[in-house]
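Novice: I'd like to ask you about the structure that follows.
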Amino acid sequence: MGGVALLAVVEPAEAQQWMGVNELMREEARMAAEQILQKVAADVQKTSNAMPILCIREGNRRDELLKLIDEEPSISILVLGAATGAKGPGPLVSALTTKFVGKLRVPITLVPGNLSLEDIDAIA
């Protein structure tokens, strides 16, 4: 049985005139990412009885995700949620299923955003 790793990426703040403001914004974004990861991790643990690995990185989402997959040989599949609105599945899904698909060493599973928890349970 495999484990679950959760990744949150804090994107760099736009250049600020004051370094202190930039650092505060960065720290607030990191704390928000940690809170989200902790909430999702609790849900994963409740469902699977296993605590997921939590990863927080700073940089571009796509680039950091690709780096993590390359750095962690234990990662064997990538599961992404896909938006179902008129704007498409989202920039990360779009990039990883087109231009950057050749950079992946693992298969991708896309979960449509309109599936209910019951739908997902039935599939799993």
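Novice: Could you list, in sequence order, the residues of the range 82-96 that are more than 15 Å from residue 62 (Cβ to Cβ) and hydroxyl-bearing (Ser, Thr, Tyr)?
Specialist: 84
Novice: Report, by residue number, each residue of the range 35-88 that is assigned to a strand (DSSP E or B) and either surrounded by 12 or more Cβ atoms within 10 Å (Cβ to Cβ) or charged (D, E, K, R) (or both).
Specialist: Scanning the range 35-88 gives 53, 54, 55, 56, 57, 58, 78, 80, 81, 82.
Novice: Just give me the residues in the range 3-27 being modelled with pLDDT under 80 and β-branched (Val, Ile, Thr), in sequence order.
Specialist: Of everything in the range 3-27, just one residue is modelled with pLDDT under 80 and β-branched (Val, Ile, Thr), namely 21.
Novice: Taking residue 93 as the residue in question, decide whether it is in contact (Cβ under 8 Å) with a residue 12 or more places away in the chain and assigned to a strand (DSSP E or B).
Specialist: For residue 93, the condition - in contact (Cβ under 8 Å) with a residue 12 or more places away in the chain and assigned to a strand (DSSP E or B) - is not met.
Novice: How many residues are open to solvent by 50 Å² or more (accessible area, probe 1.4 Å) and farther than 19 Å from residue 3 by Cβ when one looks only at the range 93-120?
Specialist: So the count comes out to 14.
Novice: May I ask you to verify whether residue 30 is assigned to a helix (DSSP H, G or I), open to solvent by 50 Å² or more (accessible area, probe 1.4 Å), in contact with a strand residue (DSSP E or B) (Cβ under 7 Å, 6 or more places away or on another chain) and in contact (Cβ under 8 Å) with a residue 12 or more places away in the chain? Walk me through how you get there before you give the answer.
Specialist: Working: assigned to a helix (DSSP H, G or I): yes; open to solvent by 50 Å² or more (accessible area, probe 1.4 Å): yes; in contact with a strand residue (DSSP E or B) (Cβ under 7 Å, 6 or more places away or on another chain): yes; in contact (Cβ under 8 Å) with a residue 12 or more places away in the chain: yes.
So residue 30 fits the description; yes.
The values are calculated or read from the model by the stated rules, or taken from the named source; none is laboratory data. Because the structure is predicted, anything quoted here is derived from the model rather than measured. Ideal geometry is used to build each Cβ from the backbone, glycine not excepted, and the neighbour counts take in all protein chains shown. When the accessible area is computed, the model is the full protein with side chains, heavy atoms only, and any ligands, DNA or RNA have been set aside. Shrake-Rupley method; radii C 1.70, N 1.55, O 1.52, S 1.80 Å.
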